[in-house]
Amino acid sequence: MKQQNNTSSSAVVIGKVTSTNPLSISIGELFLDREDLMVNENIKCFNKGDTLAMVPTSNRQKYIILCKVVNL
């Protein structure tokens, strides 16, 4: 079996808005602020408690917010 490169995955992760001013989003124990984020330009505002679908960049230095998600 060939060894695979040890690259990080870009799987979708779920974040939760913990604060809007200043913006803070948690992914488990990891807290992100504006400098750590990129956002889909169609998302105009965030509310505390919003659940977000996000993907990390390849170097995991930033997270891209794809959209808000809700439970059915």
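The values are calculated or read from the model by the stated rules, or taken from the named source; none is laboratory data. Note that the structure is a prediction, hence the values are computed from the model and not measured. Because the Cβ atoms are built from the backbone with ideal geometry, glycine has one as well, and the counts that use them run over all protein chains shown.
Conditions (1) modelled with pLDDT of 95 or more; (2) of a type in the set (A, V, I, L, M, F, W, C), marked per residue:
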| position | (1), (2) |
| --- | --- |
| GLN4 | no, no |
| GLU29 | yes, no |
| ASN42 | no, no |
| ALA53 | yes, yes |
| LEU72 | no, yes |
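How many residues are surrounded by 14 or more Cβ atoms within 10 Å (Cβ to Cβ), more than 9 Å from the chain's Cα centre (by Cα) and aliphatic (A, V, I, L, M) when one looks only at the stretch 9-30?
Residues in the stretch 9-30 being surrounded by 14 or more Cβ atoms within 10 Å (Cβ to Cβ), more than 9 Å from the chain's Cα centre (by Cα) and aliphatic (A, V, I, L, M): 2 in total.
Pairs under 9 Å by beta carbon, first residue touching a residue at least 40 places away in the same chain (Cβ under 8 Å) in the stretch 51-72, partner among the charged types (D, E, K, R) and outside any strand (DSSP E or B), six or more apart or different chains?
PRO56/LYS62; TYR63/ASP36; VAL69/ASP50
Of all residues in the stretch 31-72, which are among the basic types (Lys, Arg) and either exposed (fewer than 11 other Cβ atoms within 10 Å of the Cβ) or not in a strand (DSSP E or B) (or both)? First the steps, then the outcome.
The first filter runs over the stretch 31-72 and keeps only residues among the basic types (Lys, Arg), leaving 34, 44, 48, 60, 62, 68.
Within the stretch 31-72, ARG34, LYS44, LYS48, ARG60, LYS62 meet the criteria.
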